[in-house]
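Data block below; observations after.
The values are calculated or read from the model by the stated rules, or taken from the named source; none is laboratory data. Since we're looking at a predicted model, the values are computed, not measured. All Cβ positions, even for glycine, are placed from backbone atoms using ideal geometry, and neighbour counts span all protein chains on display. Ligands, DNA and RNA are excluded from the accessible area calculation, which covers all protein heavy atoms including side chains. Shrake-Rupley method; radii C 1.70, N 1.55, O 1.52, S 1.80 Å.
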Amino acid sequence: MNFSEPFKLSGLLGRFSPDGKCLASCVQYRLVVRDVNTLQILQLYTCLDQIQYIEWSSDSLFILCAMYKRGIVQVWSLEQPDWHCKIDEGSAGLVASCWSPDGRHILNTTEFHLRITVWSLCTKSVSYIKYPKACQQGVAFTKDGRYMAVAERRDCKDFVSIFVCSDWQLLRGQHFDTETQDLFGIEWAPNGCVLAVWDTCLEYKILLYSLDGRLLSTYRAYEWSLGIKSIAWSPSSQFLAIGSYDEKVRILNHVTWKKITEFEHPATIANTKTIVYKEVEKSPSVETERLSFPPPRALASSLFSTQSKYDVSQVPVSLQYIKPAADRANPKMGIGMLAFSPDNCFLATKNDNIPNAVWIWDIQKLKLFVVLEQLCAIQSFQWDPRQPRLAVCTGNSKVYFWSPAGCVSVQVPGEGDFQIVSLSWHASGDSMVLLSKENFCVCYLEREEVK
Amino acid sequence: MGDWKTITVPVLSSDSKNIFQYTSDKKISSPSMNSQVLRLPLPSSKSMHSFFSAFCTEENIEQSISYLNRELTTLGFPSIYAESKGKELNLISIINCMNELLVLQHKNLRAQEEVEMQHLKLGSDMDHLQNCYAKLKEQLELSKREIVGLQERDRQLQSKNRNLHQLLKNEKDEVQKLQNIISSRATQYNHDMKRKEREYNKLKERLHQLVMNKKDRKIAMEVLNYVGRADGKRGAWRTDKTEARNEEEMYKVLLSDYEQRQKQLLVENAELKKVLQQMKKDIISLLPPQKQKPKERSEDGPVLSDLEEDIGELNKENMWELSCETVREQLTNSIRKQWRMLKNHVEKLDNQVSRVHSGALNDKDVISREDHEMETEKLELEIQQCKEMIKTQQQLLQQQLMSPCDDDTTLLLQDCYLLEERERLQEEWRLFQEQKKNFEKERRSFTEAAIRLGLERKAFEEDRGTWLKQQFLSMSTDYKHSENVTTPSAFLGSSEQDNRLVKSTSQQRKPHCVLSSSVSAEPCQTSHYTTRNSSSVASKKPAGDDSKPNRWVESDKEETE
């Protein structure tokens, strides 16, 4: 495992290109495009303002940089560095911006969610989508990029419109109202035939619509308590995992859309078949005789950074449980993160009540498989896109890997603090980019499985 | 208990008729005893004396004697007077009376002792019983108090229970109330939210209008040059056709997805049906054949026959490939029924097994088991014995194989073997010798026979020669009657000798030779013939007769040897 040296970064904006050849990162108002293997700077672009958001186009030829304060989106071309494009929303303001799946249209969401403007890079046409819903995931594209679902709200009712991405036409009759009180998010199934629509956290309700707008099923687990916090589709579209505020994950199956199982996240793990990996610190042995002043850099960093390793804990294990304050909104409880492994065998979850643990469930057996107990709170985790390997970061300078063969904790070499807040895998699974507030570094993994 | 005190009163020396008096005194410790006991004061010795002297003094002897007599007679003793009247005292009767009185006194004392003993026992029993009674009364008191306490506690617990129930009900009511409150509040909030949202929408509309009205030049896109489409096609107009095409495509996508899913489900279904069929077959095979027992529950009978019909049908027509409702139902129903039957069967078996274990049933079964056990024991014994035998044999074999290692024994054995061989060889030698003797005998006899044969032949030849000679002579006499035939003397002599020899020999050997008498003639020519035969004889020109035969015999011997 190799680590590159850290580079400057701002805004946690470090993205691999979809074709895997380049890595784009922003430093304040500059956009740096590097080669993935050598990390040499290929292109350097300067934008008009501090960049808040970047996104690669699907064919990796263009990058858009959104500056929300100024309401400007700038698009750069990799093939032709001279090419430039600037989209100014003016007084309408800009809240969100994203590419369309074909890589030639940019969807800007104006302030107050007044409208979504579809700018085309090929033609001079502009489209508008009125009344978009002001929610987190209001726009969803199917995996194959053919259809786009937009959540709208008119007359205090929620609607979903399905558009054909090729010509931005509304699919006939595909404008339906949903039975939600206040739509919170929409997400397509990977097979592109089912759209999951779920309600605000005040109400546990998830609706499943077919591509042609028919309501397939509704699922309500309980009333009154806080409801759905996060959802995830399995890669084969067979399962829909719903994480809720009652610290449980419910799995629906795609045939009957009924719950097949519930995963609980208790603070005490008693099942003997569950493996619990606990991160323990092992202090490095320092030979006091050989210390010299001033200490060399490498030694200094190793002195201050504690090594850690994983120990297998004996069940029953009790994890650190945090009860959030009951009088605040958006409490830190419930299942906040859900992710299926790419081979559909595992589901990784995080219970916000137990912020230091990652729970890995075996989907074939529908049982808890592994629990990773870390020393710090989990910041993010992501599955390797090629194999069942999970990378976890907890805000310190270590990155943790888990695979069915075992788990390992890797210290990122380097001086100073490198607090990894986010990570992102390369599409090939050979490398990943580790992002902290100030820096980023790229980690290259060997072809063999990490032990 | 009481203390016994016996006081012996000293003998009154004044009178010959001394009266001993025993007094007994008993002290009773427990005051609760009723004073039925004789209580006799303990008189001092002096008083005793006075007492004794008080009764009878020198003055009133007669009266006292008569008094005593009276008393004794009333008591049934014989009179102490000698006769019915008079003052003569019958000493013997007095003594007897005294003795009787003493005996009586002893008896009375003993009886008294016994009675007092009995009395004591009864007293102690009484004590004991009173103690028991007191204890039991105490226990009764205690348990009564306990009961009261428990009742009290029970009442308390019941009241607590009632309270808790009440609390629970209250809580439930409260929960219900709260839920109602929540729902009402939720509706209120929703209503408020909607109102606010409408206001907000109005604002948005207004803002939108403002934004659009301004026709802000700034809202524009500056682009160096337009980029080609990703897929290289040109842009198309939006028409109804495109709309229809879009819809078509969408439906195609949906349909393909459904078809895929249906295929998967079909495959799964088929597998599951196969499994069910297999299970059904297995269950049928496991169940005991119920046709032989028609007295079984009649429900199962027709059901089974139906099932079997079904099975036949299903197997024949490959109906599992169809997926119509009725077939599916039939399959599941049949499997359920069979499973139930199997369950019952297994339960029955379990019951049987448990009954056998408890041993409450059929003697037949029990006995058979016993027999079985006995047989197994026997077999085990046999096995044991066989094993032992095998072991011993092995040991012996081992010994046999191991023992040649010992030198002495090997020599001994070798000697034994040698002796055996020698004996055998001796036997054979003997046999051989016998056979040799037999052979010799036979050879001798053969040689004798051969000699005889030779002699006979010789004799025959001589006879023939003589006869021929005679013939010749007869023929020659016919010619020359006077001529003497002179034959070489030697020959003659020899022939004569020969003849004589032959004669002698023939005489010796074959006395029954017929032609011997005629041999004395001169058989010159015939001697040629005979010399041929008897050349052997003639060649051996012996000195005497004996030597020839001796030689002959020797030659015979030689021949035979």
| query | Restricting the first residue to region B:202-222 and requiring it to be within 7 Å of chain A (Cβ to nearest Cβ) and part of a helix (DSSP H, G or I), which pairs with a second residue that is at pLDDT 70 or above and open to solvent by less than 100 Å² (accessible area, probe 1.4 Å) meet a Cβ separation below 6 Å and a spacing of at least six or different chains? | reply | B:Lys204/A:Leu114; B:His208/A:Leu114; B:Val211/A:Ser91; B:Val211/A:Ala92
| query | Taking region A:130-144 as the region of interest, how many residues are open to solvent by 20 Å² or more (accessible area, probe 1.4 Å), touching an Asp or Glu at 6+ places or on another chain (Cβ under 7 Å) and more than 10 Å from chain B (Cβ to nearest Cβ)? | reply | 1
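Under the condition of being acidic (Asp, Glu) and exposed (fewer than 15 other Cβ atoms within 10 Å of the Cβ), which residue from region B:445-481 is farthest from the chain's Cα centre (by Cα)?
B:Asp478
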| note | The number of residues in region A:42-51 that are over 13 Å from A:Val27 (Cβ atoms) and either open to solvent by less than 10 Å² (accessible area, probe 1.4 Å) or of a type outside the set (A, V, I, L, M, F, W, C) (or both) is 2
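How about region A:117-161: which of its residues are touching a Cys at 6+ places or on another chain (Cβ under 8 Å) and either more than 30 Å from B:Arg195 (Cβ to Cβ) or free of Cβ contacts under 8 Å to residues at least 12 places away in the same chain (or both)?
Within region A:117-161, A:Leu121, A:Phe141, A:Gly145, A:Arg146, A:Tyr147, A:Met148 qualify.
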| request: Would you point out which residue out of B:Lys107, B:Lys135, B:Lys144 is of a type outside the set (Val, Ile, Thr) and either closer than 30 Å to B:Phe77 by Cβ or in contact with a strand residue (DSSP E or B) (Cβ under 7 Å, 6 or more places away or on another chain) (or both)? | output: B:Lys107
| Unique residue being in a helix (DSSP H, G or I) and at pLDDT 55 or above when the list is B:Lys316, B:Lys343 | B:Lys343
| field | Answer residue from region A:172-182, given it is within 13 Å of chain B (Cβ to nearest Cβ) and under 25 Å from A:Leu226 (Cβ atoms) and is least open to solvent (accessible area, probe 1.4 Å) among those | value | A:Thr180
| said: Tell me whether region A:52-60 contains one or more residues that are within 14 Å of another protein chain (Cβ to nearest Cβ), of a type in the set (Ser, Thr, Tyr) and open to solvent by 20 Å² or more (accessible area, probe 1.4 Å). | reply: yes
| Given (1) open to solvent by less than 50 Å² (accessible area, probe 1.4 Å); (2) away from chain B (no Cβ under 13 Å); (3) part of a loop (DSSP other than H, G, I, E, B), number of the condition A:Gly213 does not satisfy | (2)
| query | Is it fair to say B:Gln176 is out of contact with any strand residue (DSSP E or B) (no Cβ under 9 Å at 6 or more places or on another chain), surrounded by 10 or more Cβ atoms within 10 Å (Cβ to Cβ) and within 30 Å of A:Ser225 (Cβ to Cβ)? | reply | yes
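Conditions (1) more than 13 Å from chain B (Cβ to nearest Cβ); (2) open to solvent by 10 Å² or more (accessible area, probe 1.4 Å); (3) out of contact with any Phe, Trp or Tyr (no Cβ under 7 Å at 6 or more places or on another chain); (4) not in a loop (DSSP other than H, G, I, E, B), marked per residue:
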residue	(1), (2), (3), (4)
A:Cys122	no, yes, no, no
A:Tyr128	no, yes, yes, yes
A:Arg153	no, yes, no, yes
A:Val160	yes, no, no, yes
A:Leu170	no, yes, no, yes
A:Phe184	yes, yes, no, yes
A:Glu187	yes, yes, no, yes
| message | Based on this model, can you work out whether A:Gln411 counts as at pLDDT below 90, more than 17 Å from A:Ser244 (Cβ to Cβ) and out of contact with any helix residue (DSSP H, G or I) (no Cβ under 9 Å at 6 or more places or on another chain)? | response | no
| remark: Residues of region A:152-170 being in contact with a helix residue (DSSP H, G or I) (Cβ under 7 Å, 6 or more places away or on another chain) and over 24 Å from A:Asp199 (Cα atoms), in sequence order, are A:Val164, A:Asp167, A:Gln169
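Per-residue answers, yes or no, for (1) of a type outside the set (Val, Ile, Thr); (2) touching a strand residue (DSSP E or B) at 6+ places or on another chain (Cβ under 8 Å); (3) under 26 Å from A:Leu23 (Cβ atoms):
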| position | (1), (2), (3) |
| --- | --- |
| A:Gln50 | yes, yes, yes |
| A:Asp88 | yes, yes, no |
| A:Gly93 | yes, no, no |
| A:Val118 | no, yes, no |
| A:Tyr128 | yes, yes, no |
| task | Could you check B:Ser79 against (1) open to solvent by 100 Å² or more (accessible area, probe 1.4 Å); (2) touching a residue at least 12 places away in the same chain (Cβ under 8 Å) and say which number it fails? | result | (1)
| query | Within region A:104-124, is even one residue modelled with pLDDT of 85 or more, polar (S, T, N, Q), more than 30 Å from A:Ala241 (Cα to Cα) and over 26 Å from the mean Cα position of the chain (by Cα)? | reply | yes
| query | Can A:Cys85 be described as in contact (Cβ under 8 Å) with a residue 12 or more places away in the chain, buried (at least 16 other Cβ atoms within 10 Å of the Cβ), away from chain B (no Cβ under 14 Å) and out of contact with any helix residue (DSSP H, G or I) (no Cβ under 8 Å at 6 or more places or on another chain)? | reply | no
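Report, by residue number, each residue of region B:259-278 that is basic (Lys, Arg), open to solvent by 100 Å² or more (accessible area, probe 1.4 Å) and within 14 Å of chain A (Cβ to nearest Cβ).
B:Lys263
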| said: If I go through region A:194-205 residue by residue, how many of them are of a type outside the set (D, E, K, R) and either free of Cβ contacts under 8 Å to residues at least 40 places away in the same chain or open to solvent by 40 Å² or more (accessible area, probe 1.4 Å) (or both)? | reply: 2
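Let's see how each residue does on (1) over 30 Å from A:Thr180 (Cα atoms); (2) in a helix (DSSP H, G or I); (3) open to solvent by less than 90 Å² (accessible area, probe 1.4 Å):
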site	(1), (2), (3)
B:Cys97	yes, yes, yes
B:Gln112	yes, yes, yes
B:Arg153	yes, yes, no
B:Arg195	no, yes, no
